[in-house]
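J.: For reference, the structure I am asking about is given below.
The values are calculated or read from the model by the stated rules, or taken from the named source; none is laboratory data. Here the structure is a predicted model, which is why all the values come from computation and not from measurement. As a convention, Cβ positions derive from the backbone with ideal geometry for all residues, glycine included, and neighbour counts pool all protein chains shown. Surface areas here come from the heavy atoms of the whole protein model, side chains and all, with no ligands, DNA or RNA. Shrake-Rupley method; radii C 1.70, N 1.55, O 1.52, S 1.80 Å.
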Amino acid sequence: MSEKLKELANMVVGYSINVQKNEKVLITTQSLQTREFISYLIEEIYHCGGIPVVKMSDPILSSQLAEGNTDERIQLLKKLQEEEVENYDSFISIAYGINDYETKNVPVSMLKKLKKATEKSHDIRINQRKWVILNFPSPLDGHKAKMSTREFEKFSLDVMTVDYRKMSRLIQPLKDLMDKTDKVRIVSPGTDLTFSIKGMKSIPCTGEKNIPDGELYTAPVKNSVNGTLTYNTPSPYQGNVFHHVSLKFQNGKIVKATCDEGNEKLNEIFDTDEGARYVGEFSLGFNPKILYPMGDILYDEKILGSLHFTPGQAYRDCYNGNDSGIHWDMVLIQRQDYGGGEIYFDDVLIRKDGLFVLDELKPLNFDYRE
């Protein structure tokens with residue numbers, strides 16, 4: 001595992017955030033289990049002439065603190081986050097899963113206030129600083145993936161260290177096609193959805209921000225979405241996990257939302273603000289080593305043969321005018337083993353049952369059966 005951790009550290013520092021001399025890098029972690037990996041990160045940052053700083057938080061204590069949030073504490077957190085984006089050039093955030101329901105009891109009202117208070121510093125961090133986020137393998141992740149801990153460690157490190165430079169070359173024909181597309185149609189069991197992406201820039205994601213990576217995203221024209229989309233993977237959000245979420249759209253807006261767990265909590269999230277019922281992202285996933293959902297969106301949104309359609313905030317580099325306190329990536333797998341499906345660009349079939357059918361796009365299929 002040590003050699004793979006060194007390889008990952010080298011990739012994160014030298015490729016993902018490309019640390020330069022005298023750049024200040026803040027590494028945040030949620031567990032001492034990441035110590036060895038952080039040690040390799042520190043070595044690489046020093047080797048590049050950068051200045052590393054490490055900050056650790058505990059998810060259990062963080063949730064307890066958030067459950068008791070007050071207006072005064074939120075203002076303090078606002079000030080601390082502003083100082084971070086002022087003082088650091090790059091951010092490496094290392095998550096470590098222990099409990100998907102840890103933040104379940106954090107008041108939604110306080111989450112909204114914190115989101116609003118830190119909106120400016122968050123925007124600077126995301127759009128004006130270099131950053132990368134990754135999920136360090138944990139026993140909980142292995143459980144969700146139905147693997148032993150050691151088996152999942154090997155799997156996750158293989159997934160995170162795919163050849164992203166090669167992927168960035170293979171993605172270009174799909175980017176060119178998406179950039180000139182107007183109408184998109186998605187068809188799957190329980191799904192028939194149309195929308196426009198005319199004039200919206202597409203953004204390749206090949207290891208520069210999220211680890212693991214492997215997607216190409218854009219945003220729908222805000223009011224153009226019509227039809228129904230039914231997701232076939234677990235959808236975790238705000239300390240809850242929802243299954244078989246189905247959304248009905250009219251002129252861009254979610255007018256009906258259902259799931260297996262009952263609709264009250266689901267619709268409470270979509271009632272966070274006006275923008276929560278509109279969509280901020282449409283993306284195709286194609287990491288060749290991620291095939292099955294595990295309830296971790298950083299992995300699931302990259303599944304080969306998948307797409308995600310995201311209610312909430314649009315990214316600034318592909319902005320469709322939608323603003324919201326939420327950004328909820330939910331995933332539909334269209335491979336044949338998940339019921340199949342088609343994607344059409346301007347009435348031309350481009351992907352069927354999770355496999356691209358146009359010759360120039362076929363290299364992105366990889367061969368997941370090998």
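J.: Kindly indicate whether any position in the range 2-14 is of a type in the set (D, E, K, R), within 22 Å of Gly214 (Cβ to Cβ) and touching a residue at least 40 places away in the same chain (Cβ under 8 Å).
T.: Within the range 2-14 (the criterion being of a type in the set (D, E, K, R), within 22 Å of Gly214 (Cβ to Cβ) and touching a residue at least 40 places away in the same chain (Cβ under 8 Å)), the answer is yes, since at least one residue qualifies.
J.: While we're here: Please verify whether the range 188-198 includes one or more residues that are assigned to a loop (DSSP other than H, G, I, E, B), under 19 Å from Asn322 (Cβ atoms) and free of Cβ contacts under 8 Å to residues at least 24 places away in the same chain. Write out each step before concluding.
T.: The initial filter retains those residues of the range 188-198 that are assigned to a loop (DSSP other than H, G, I, E, B), namely 189-190, 197-198.
Next cut, under 19 Å from Asn322 (Cβ atoms) only: 197-198.
Now restrict to residues that are free of Cβ contacts under 8 Å to residues at least 24 places away in the same chain: 198.
Yes, the conditions are met somewhere in the range 188-198.
J.: Check Leu41, Leu32, Leu26 and return the single one that is among the aliphatic types (A, V, I, L, M) and open to solvent by 40 Å² or more (accessible area, probe 1.4 Å). Break it down into steps so the answer makes sense when it comes.
T.: Working: Leu41 fails: open to solvent by 40 Å² or more (accessible area, probe 1.4 Å); Leu26 fails: open to solvent by 40 Å² or more (accessible area, probe 1.4 Å).
Result: Leu32 is the single residue among Leu41, Leu32, Leu26 that is among the aliphatic types (A, V, I, L, M) and open to solvent by 40 Å² or more (accessible area, probe 1.4 Å).
J.: Among the residues of the range 319-333, is there at least one that is of a type outside the set (A, V, I, L, M) and under 18 Å from Pro212 (Cβ atoms)? Before the answer, list the steps.
T.: Restricting attention to the range 319-333, the residues satisfying the condition of being of a type outside the set (A, V, I, L, M) are 319-325, 327-329.
Within this subset, residues satisfying the condition of being under 18 Å from Pro212 (Cβ atoms) are 329.
Taking every residue of the range 319-333 in turn, at least one turns out to be of a type outside the set (A, V, I, L, M) and under 18 Å from Pro212 (Cβ atoms).
J.: Moving on to the next point. Please determine, by comparing only the residues of the range 164-181 that are modelled with pLDDT under 95 and over 19 Å from the mean Cα position of the chain (by Cα), which one is most open to solvent (accessible area, probe 1.4 Å).
T.: Only one residue fits best here, namely Arg169.
J.: Could I ask something else about it? Could you tell me which numbered condition Val159 fails, if it satisfies all but one of (1) aliphatic (A, V, I, L, M); (2) touching a Ser or Thr at 6+ places or on another chain (Cβ under 9 Å); (3) assigned to a helix (DSSP H, G or I); (4) modelled with pLDDT under 95?
T.: Going through the list (1) aliphatic (A, V, I, L, M); (2) touching a Ser or Thr at 6+ places or on another chain (Cβ under 9 Å); (3) assigned to a helix (DSSP H, G or I); (4) modelled with pLDDT under 95, Val159 breaks only (2).
So that you can scan it fast, the table gives a plain yes or no per residue for (1) open to solvent by 30 Å² or more (accessible area, probe 1.4 Å); (2) at pLDDT below 95; (3) of a type outside the set (A, V, I, L, M):
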{"residue": "Ile45", "(1), (2), (3)": "no, no, no"}
{"residue": "Val54", "(1), (2), (3)": "yes, no, no"}
{"residue": "Gln64", "(1), (2), (3)": "yes, yes, yes"}
{"residue": "Asp100", "(1), (2), (3)": "yes, yes, yes"}
{"residue": "Pro107", "(1), (2), (3)": "yes, yes, yes"}
{"residue": "Lys115", "(1), (2), (3)": "yes, yes, yes"}
{"residue": "Glu119", "(1), (2), (3)": "yes, yes, yes"}
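J.: Looking at (1) in contact with a Ser or Thr (Cβ under 7 Å, 6 or more places away or on another chain); (2) buried (at least 22 other Cβ atoms within 10 Å of the Cβ), find the lone condition where Ala219 falls short.
T.: The failed condition is (1).
J.: Scan the range 304-311 and tell me whether some residue there is among the aromatic types (Phe, Trp, Tyr), modelled with pLDDT under 95 and either closer than 18 Å to Leu216 by Cβ or open to solvent by 10 Å² or more (accessible area, probe 1.4 Å) (or both).
T.: No, that holds for no residue.
J.: Could you count how many residues in the range 333-370 are among the charged types (D, E, K, R), at pLDDT 95 or above and open to solvent by less than 70 Å² (accessible area, probe 1.4 Å)?
T.: So the answer is 5.
J.: All but one of (1) assigned to a helix (DSSP H, G or I); (2) among the hydroxyl-bearing types (Ser, Thr, Tyr); (3) in contact with a strand residue (DSSP E or B) (Cβ under 7 Å, 6 or more places away or on another chain) hold for Ser39, so report the exception by its number.
T.: (3)
J.: Could you check the range 42-65 and list, in sequence order, the residues that are in a helix (DSSP H, G or I) and out of contact with any helix residue (DSSP H, G or I) (no Cβ under 7 Å at 6 or more places or on another chain)?
T.: Hits for the range 42-65 are Ile42, Glu43, Tyr46, His47, Pro59, Ile60, Leu61, Ser62, Ser63, Gln64, Leu65.
J.: A follow-up question, please. Could you look through the range 260-295, keep only residues that are modelled with pLDDT under 95, among the β-branched types (Val, Ile, Thr) and touching a Ser or Thr at 6+ places or on another chain (Cβ under 9 Å), and pick out the one that is most open to solvent (accessible area, probe 1.4 Å)?
T.: Filtering first and then ranking leaves Thr272.
J.: For the range 227-245, give me each residue that is assigned to a strand (DSSP E or B), open to solvent by 20 Å² or more (accessible area, probe 1.4 Å) and over 16 Å from Gly312 (Cα atoms).
T.: Within the range 227-245, the first condition is being assigned to a strand (DSSP E or B), and the residues that meet it are 227-230, 235-237, 240-242.
Then keep just the ones that are open to solvent by 20 Å² or more (accessible area, probe 1.4 Å); that gives 227-228, 230, 236-237, 240-241.
The answer is Gly227, Thr228, Thr230, Asn240, Val241.
J.: Among the residues of the range 124-134, is any of a type in the set (A, V, I, L, M, F, W, C), surrounded by 19 or more Cβ atoms within 10 Å (Cβ to Cβ), in a loop (DSSP other than H, G, I, E, B) and under 21 Å from the mean Cα position of the chain (by Cα)?
T.: No, because not a single residue in the range 124-134 is of a type in the set (A, V, I, L, M, F, W, C), surrounded by 19 or more Cβ atoms within 10 Å (Cβ to Cβ), in a loop (DSSP other than H, G, I, E, B) and under 21 Å from the mean Cα position of the chain (by Cα).
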